[in-house]
Structure formats: C-alpha cells, structure tokens
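First the structure, in the form of structure tokens, and then the observations on it.
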Amino acid sequence: NLKDMLDSLNEHPLMARFNNRYEYIHEAYEKLDEKAKKRRKVLEDSYNLFHFNREVAELNVYISSKEIVANSNDLGRDYEHVQVLENKFNEFYTELTTIGQGRVDELFVGGDSLLENNHTMSPDIQNAMQGMQEKWTNLLNLAASRKATLASSVELHKYHRDVNVLISRIQAADASIPSDLGRDVSTVQALQRKHQSMTHDIQAIRSQVEGLDKENQRLQELYPGARARGVTERQGQLETSWSRLQDHLNLRKEALISSTELFTFLRAANQLIQWATNMRKLFVSDEIGTNVSAVDLQILQHRDLKCEMDTRVSNREECDKLGKCDTVTWGLCDGT
C-alpha cells in the first residue's frame, strides 16, 4: 500500500515532499471515508424508515378494518343468532390478540432498534410508535367491550328464549285442561283422579318459573336500565301465565267437586224417590184382613214398614242437605 511504499523510500532526497503528499492524500481519504459512512447511514436509515413506515401504514389499515368489527352494535335477533355472532367474534378476538398483537410487537421491536441506533428520524419514529400504541390500545378496549356486550346479549337472549318456551308450555297445559264434568259419580271420580295426576305433572313447571325469577333478578343487577326493564316485563308475562294456569286448575278442581256433589245428590234423590214410590204402593193397599190373624199380620207388616221409614230419615236429611248446597242448586238450574 502507499504507506509501505513511502517507508521504502526513507533515504530518498525528496522524502519530505513525499511525506507532505502522503499526508494530504491520507487526509483526503479520511474525509472521503467519513462522507461514505455518513452516506451509507443515511441510505440505511432511509431504507429502514421506509420499511418501518410501510408496516405502520399496513397496521393502520389492519386496525381500521378491525375497528369496524369491534364497533358493531348487532346484538342478535334471537338466542341462536347471537350465539353465531359470539362464536364469530371469539374467533376474531383470538386472531386479534395473537396475530395482530404479534404484528404490533414486531413493529415496536423494529422501532426500538431504530431508536437505539440513533436513527436520523428518531422523533418521527417515536411519534409513530406512540400513535400506534394509542390506536392499538383503543382497538383492544373496543374488542373487549364488544366481547362483554355479546356475552351479556347471549344471557339476555337465552333468558327470553327460556321464558318463551316456558310460556308456550304453560299455555299448552292450560289448553289441555278439559271441561267435561262427567255423567255420574263414577265418571266424575275418574276425572278427578286424572285432574290430580295432571296437577302433579304441571307443578313440575313451578321450579322452572322460580328458576327464571332468580335469573331475572340476577340479570337486573348485571344490566340495569332499558334491557333490564325488558327482562322484568317478560318475567311479569311469565308469572301472569303461570297464575292463570293455577287459577284454571283450581276452578277445574272446584267444578269437579261441585259435579260430584250434584251427582251424589241426584243418585241419593233417585234412590229415595224410588223407595218412596214402592213404599207408597204398599201403604195404599185396600186389602183388609178377614180374621184376627190376618189383621195381626197386616199390623206387623205396617210396623215393619214404619221402622224402615224411620231408618231412612237420615238418608232423607242428608239428601235435603245436599239439595240445599249452592253447587247442587246451580247444577239443577243449569239443567244437569
């Protein structure tokens, strides 16, 4: 190299001139090398900044597209629809917090590296990173809020679905209560047994009504305001339907009791009428004994009839008591 050549000319008479020339060349080379290094850093900074800015721009587009999803106000038409929305959003949220977060972290790692290397545009890079952090944090907050809103909507839609199903079940049970009051005591008793069985089966609904009432109270505490009022109104409709069914069951029970009393009275009355008719035939007989023995026999028969009449007094009194019941009186008036 030039330095070695100069050293080999150490005894040359123009050595001083050579040294001055060498110093000039060396200084010029140092200046050129410094400029080259600066130019190289400028080019590297420009290259790195270009890639950084491109990633920032792509992330801004990515965040903007995700904000549209996170800002959605769709809470579903019904329970099934909101479940579909929640499942899709959970996939969106998972992608956001994994792939999206990875892209943001990678951007910040690259930005920190540029700042550590004293990039010529460090203030702009720092501002871009700060702005990106704010946008990303805002998106995560929106997504978390949307996730919580969908979860609450799932609960509310499920409650409304359960109430609708139970009200339909109650209405079906109410419609299945028959109006037949029987033809006689035995058929009424069969209807009563059937009604008791139906009442027992229907009481199983009570636990579901009580369970939904507890759920109503929980939802009111979690989601006060208009949405809770809707839950309260639906619970009121459920309780009204349940009360109406209970009233119908009680009315049916009372009607069957009344029908039993009516047919019991009619049976007793018919038996007494038939007995009285037969007795009257015996009492109105014109036959008179032709001798003492025959007359004594007739007297004994008369006494026996009188004793039988006395034993029927309690039956008549019971029949009178049944006949004076309001339910029997109403039944007779209705032509039963």
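The values are calculated or read from the model by the stated rules, or taken from the named source; none is laboratory data. No experiment lies behind these values; they were computed from the predicted model shown. Heads up, the Cβs are rebuilt from the backbone with ideal geometry, glycines too, and the neighbour counts pull from every protein chain shown. Just the protein is used for accessible areas: all its heavy atoms, side chains included, with ligands, DNA and RNA removed. Shrake-Rupley method; radii C 1.70, N 1.55, O 1.52, S 1.80 Å.
Rolling a 1.4 Å probe across all protein chains gives Ile177 an accessible area of roughly 20 Å².
Checking every one of the trypsin sites (Lys or Arg not before Pro) in the range 66-98 against DSSP loop status and a limit of 13 other Cβ atoms within 10 Å picks out Arg77. Within the range 119-204, all pairs of alpha-carbon atoms sorted by distance into 5 Å bins from zero give the percentages 3, 11, 9, 10, 8, 7, 7, 5, 6, 5, 5, 4, 4, 4, 4, 3, 3, 2, 1, 1, 0, 0.
Equivalent-ellipsoid semi-axes for the range 217-258 (Cα gyration tensor, √(5λ), whole Å, largest first): 35, 8, 4. Across the protein chains, with a 1.4 Å probe defining accessible surface, the residues Met121, Met198 rank Met121, Met198 from largest area downward.
Going by accessible surface with a 1.4 Å probe and the largest first, Glu23, Glu261 read Glu23, Glu261. Normalised Debye scattering of the range 172-226 at q = 0.32 Å⁻¹ gives log10 I(q)/I(0) of -1.17, counting only Cα atoms as equal scatterers and leaving out solvent.
Surface calculation, 1.4 Å probe, protein heavy atoms: Phe52 sits at approximately 10 Å² accessible.
Ordered from largest to smallest accessible area (heavy atoms of protein chains, 1.4 Å probe), the residues Leu251, Leu238 come out as Leu251, Leu238. With no solvent and one equal point scatterer placed on each C-alpha of the range 37-99, evaluate the Debye formula and give log10 I(q)/I(0) for q = 0.25 Å⁻¹, two decimals. Summing over Cα pairs of the range 37-99 leads to -1.03. For the range 61-217, the number of Lys pairs separated by eight or more positions or lying on different chains, with C-alpha atoms closer than 17 Å, is 6. For the range 87-214, with all protein chains in place and a probe radius of 1.4 Å, 52% of the accessible heavy-atom surface sits on carbon or sulfur.
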